[in-house]
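Scroll down for the structure; my scribbles are underneath it.
The values are calculated or read from the model by the stated rules, or taken from the named source; none is laboratory data. Owing to the predicted nature of the structure, the values given are computational and were not obtained by experimental measurement. Using ideal geometry, Cβ is built from the backbone for each residue, glycine included, and neighbour counts are taken over all protein chains shown. Note: areas computed on protein heavy atoms with side chains; ligands, DNA, RNA excluded. Shrake-Rupley method; radii C 1.70, N 1.55, O 1.52, S 1.80 Å.
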Amino acid sequence: MKILLASSEVAPFAKVGGLGDVSAALPRQLATLGHDVRIVMPFYKKVRTPERAFEEVVSERVIAMGPHRVSVTFLSSTLPGSTVPVYFVNCPALFDRPGVYGSGGDEHLRFALFQWAVLRLCQELRFSPDVLHVNDWQTGLLPVMLRSVFAWDQMFANTRTLLTIHNLGHQGTFSADVLSEIGLAPARDLLHHDHLRSGRFGYLETGILHANALTTVSPTYAREIRTPEHGVGLDGVLRGRSDVLFGILNGIDDVEWDPARDPHLAKPYSADNLAGKVACRAALLSMAQLPDRVGVPVFGIVSRLAWQKGFDLCVQVLPRLLVRRRFQVVVLGTGEPKLEAFFRDLARHFPTQVAYLPAFSERVAHQIEAGADVFLMPSRYEPCGLNQMYSLRYGTLPLVHKTGGLADTVWPVDLARSQGTGFVFDHFDAQGLTWAMERALEVYGTGQGSDRTRWQAIQQRGMRLPLGWSHRVGEYLKVYRGIAPHAA
Ligand code: ADP
Ligand code: GLC
């Protein structure tokens, strides 16, 4: 099959969260099965590093988008660890900026231009994808663009679209005025009339209405987003498309996230030989400048510090629990200033128990996954979540709120039945989180002798779970084949 995946993030070129991981790992897996899969993303400033080589595949072109005439070139490179071509839309006026998202108030233009460029690239390369796989609001307009402003081009006659929703919390909703500015006034009849009349236009909503199929990143989230409680205003539209909406759990990249061959770790380890994990824990504590004490478990956090992630519960719970119980916390992440300040103060008040690293570091993320005993993920909502799966693979017991993909990947420890892989709380409140943390401390016990043996059995259950993309890719292929039967 010929598959083009369009995404605003692709690791390692540009990654803000899990979208970047998925946009790299799924194509890598598709390529191993022999599919002609390619990726297209914007050429942000951070993509260009001295060690990466880029080739110009299409020289300067002018894209006419509404009243704008925008100059672009197209570059290419290869996705590391694969032969997958990655194309870059090089438009310095819109993408040569420090961050990936947010600066400048022209997000509607940046990602509209990106999408015009995606289809222009296909034309320039004479590449007709069977499936155009788009992701989140930044690429949500492509389905309707194929039906309107690109409908004349027979090249796309057999192209079908799949929209994967990674996070309904970000919808790319703008004033209806942007329509002519992004060159989509001719598509007006195909858009959500009521919303246009009330003055708004949503990129994600438009994708939901027009994609041939929709997926989201876990079965539970696929159910949740069709309810008013979790639908963020789009539950009605999603219910209307229930027949083509599927929940497919994300996988993890088995090569990148494998404690037996992870170059970032102090010592390798595996389910059969956990000895190296002790060295990883010692190395983490030393790096975080915390004392290493037997019987004191380490809780790790690696996250965007955003409302979604539920750390306001930590604000309520951690200060009190740190006084009463013996445990340590290592936090890696940046985001909302209030949460950054909270973790900074917490580390100041509990200098032997808490370390806060306000950074984005792939290396430290791996070191926390390996060195912690428990991984804390109290998300308010979580479409899938990758870190709890990395934790399972690394023998670090996840502690999660029962929501979205967390509910689909972590089962509560049941000592009597020798079942379960982590700690799960049902109610998103301080009591829920406190209960789960107390439970983790109880099961960890002294961290020695029979307590240790019991803990290791839980670790090994999690480490042996089939979490890799090879176990998931078939579900995507089934959806691809469903919408593009001519290609199957
Ligand atoms: P989300 O996409 O909502 O942020 P996921 O759990 O799906 O949540 O994915 C988050 C990804 O981003 C993981 O690969 C995680 O390791 C990474 N990540 C988040 N914060 C940081 C950070 N501060 N440093 C390094 N990696 C991070
Ligand atoms: C989103 C979600 C996260 C998911 C990731 C990749 O950012 O917040 O739960 O794992 O996308 O699909």
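The table below lists the values:
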read-out: Surrounding net charge for G140, when Lys and Arg each add one and Asp and Glu each subtract one, Cβ distance under 15 Å; value: 0
read-out: ³J(HN,Hα) computed for each position of the range 251-265 - Karplus, 6.51 cos²θ - 1.76 cosθ + 1.60, integer Hz, glycine/proline x; value: x, 10, 7, 5, 7, 5, 10, 9, x, 7, 9, 9, x, 7, 8
read-out: For G233, net neighbour charge (Lys/Arg +1, Asp/Glu -1) across residues whose Cβ lies under 13 Å away; value: -1
read-out: Residue-by-residue Karplus 3J(HN,Hα) for the range 324-334, coefficients 6.51, -1.76, 1.60, Hz, glycine and proline x; value: 7, 10, 9, 7, 10, 9, 10, 10, 10, x, 9
read-out: Accessible area, probe 1.4 Å, largest first, for residues R481, R380, R110; value: R481, R380, R110
read-out: Alpha-carbon centroids, the range 31-79 and the range 297-352: separation in whole Å; value: 39 Å
read-out: Other-chain or far-sequence residues with amide H under 5 Å of V424's (modelled H); value: V400, V413
read-out: Percent RCO, i.e. relative contact order, over the chain, from Cα pairs under 8 Å lying at least 6 residues apart; value: 13 percent
read-out: Euclidean distance of C-alpha centroids, the range 193-223 and the range 366-414, integer Å; value: 28 Å
read-out: Per-residue [θ]222 nm for the chain (sum of -39500 (n - 2.57) over DSSP H runs n ≥ 4, rounded to 500); value: -10500 deg cm²/dmol
read-out: Residues whose placed amide H lies under 5 Å from that of T215, excluding near-sequence neighbours; value: L163, T164, I165, F246
read-out: Loop sites in the range 1-110: GluC sites (Glu not before Pro), DSSP, at most 10 other Cβ within 10 Å; value: E51
read-out: Residue-count net charge about K309 - beta-carbon cut-off 12 Å; Lys, Arg +1, Asp, Glu -1; value: -1
read-out: Prolate/oblate/rounded call for the range 206-285, Cα gyration tensor, a/c under 1.5 rounded; value: prolate
read-out: Residues whose placed amide H lies under 5 Å from that of H133, excluding near-sequence neighbours; value: L4, L5, A6, L162
read-out: Largest to smallest accessible area among Y381, Y476 [probe 1.4 Å]; value: Y381, Y476
read-out: Cα long-axis angle, helix 473-483 against the chain (0 to 90 degrees, to the nearest 10); value: 20 degrees
read-out: Eligible lysines near K45 by straight Cα distance, threshold 27 Å, same-chain separation 8 or greater; value: K15
read-out: In order through the range 395-404: 3J(HN,Hα) via Karplus (6.51 cos²θ - 1.76 cosθ + 1.60), integer Hz, x for Gly, Pro; value: x, 10, 5, x, 10, 9, 7, 6, 8, x
read-out: Exceeding the 31 Å Cα-Cα cut-off - candidates K2/K402; K46/K277; K338/K402; value: K2/K402; K46/K277
